[in-house]
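**Student:** For reference, the structure I am asking about is given below.
The values are calculated or read from the model by the stated rules, or taken from the named source; none is laboratory data. The shown structure was predicted, so the numbers you read here are calculated from the model rather than taken from an experiment. A quick note on method: Cβ atoms are made from the backbone with ideal geometry, for glycine too, and the neighbour counts reach across all protein chains shown.
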Amino acid sequence: MTGSNVQPAAPAAPQAAATHTVTLTLASGLTVHVAHRQDVDGEAIVIEAPQGSGGFHPTWAATCAAHLVNGAAGTFKDHSDPLDPASITLHPACLTLSVHGGDVTLHVTPADRQLLADAITAVAAATPERVA
């Protein structure tokens with residue numbers, strides 16, 4: 001056939017693929033998702049809340065979970081990407097994740113910290129290892 005009006009489909013925009021997600025509810029009633037994402041920029045474990053999201057490289061998951069559980073306070077940086085390091089700032093009643101110039105702050109109890117640490121650990125354990 002000649003003169004057909006069939007147009008090729010436009011390429012789809014790249015989407016982040018979630019390979020594993022844990023959903024939890026904080027003491028405040030806020031629903032939070034902890035997920036592994038793979039997109040054009042690489043991999044991340046992302047904490048998503050209604051007010052925003054923040055994340056870090058999966059190799060930093062154990063460090064982040066340990067800081068959540070041990071009640072640490074302060075700012076801890078993930079240096080796996082020196083051009084765009086992520087950080088987590090912990091206070092007794094809240095945590096702030098910063099990445100890509102954005103922040104998300106969650107008000108948390110000690111029990112919430114444990115829930116988040118468990119979710120991060122579970123997502124990291126389910127993250128497929130990549131062979132370079």
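**Student:** Of the residues that make up the range 87-105, is at least one part of a loop (DSSP other than H, G, I, E, B) and more than 19 Å from Gln51 (Cα to Cα)?
**Tutor:** Just the residues of the range 87-105 that are part of a loop (DSSP other than H, G, I, E, B), to begin with: 92-93, 100-101.
In the following step, the residues that additionally are more than 19 Å from Gln51 (Cα to Cα) were identified as 92.
Yes, some residue in the range 87-105 is part of a loop (DSSP other than H, G, I, E, B) and more than 19 Å from Gln51 (Cα to Cα).
**Student:** Right, something else. Quick one: is Thr121 modelled with pLDDT of 85 or more, β-branched (Val, Ile, Thr) and in a helix (DSSP H, G or I)? Let's see the steps before the verdict.
**Tutor:** Working: modelled with pLDDT of 85 or more: yes; β-branched (Val, Ile, Thr): yes; in a helix (DSSP H, G or I): yes.
Considered against the rule, which asks whether it is modelled with pLDDT of 85 or more, β-branched (Val, Ile, Thr) and in a helix (DSSP H, G or I), Thr121 comes out as yes.
**Student:** Among the residues of the range 84-113 satisfying the criterion of being among the β-branched types (Val, Ile, Thr) and closer than 14 Å to Leu30 by Cα, which is surrounded by the most Cβ atoms within 10 Å (Cβ to Cβ)?
**Tutor:** We begin by selecting, within the range 84-113, every residue among the β-branched types (Val, Ile, Thr); these are 88-89, 96, 99, 104-105, 108-109.
Imposing the further condition that a residue be closer than 14 Å to Leu30 by Cα reduces the set to 104-105, 108-109.
Details: Val104: 20, Thr105: 16, Val108: 23, Thr109: 13.
Out of the qualifying residues, it is Val108.
Residue by residue, here is whether (1) of a type in the set (Asp, Glu); (2) in contact with a strand residue (DSSP E or B) (Cβ under 6 Å, 6 or more places away or on another chain); (3) modelled with pLDDT of 85 or more holds:
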residue	(1), (2), (3)
His33	no, yes, yes
Asp39	yes, no, no
Val46	no, yes, yes
Trp60	no, yes, yes
Asn70	no, no, yes
Thr75	no, yes, yes
Leu83	no, no, no
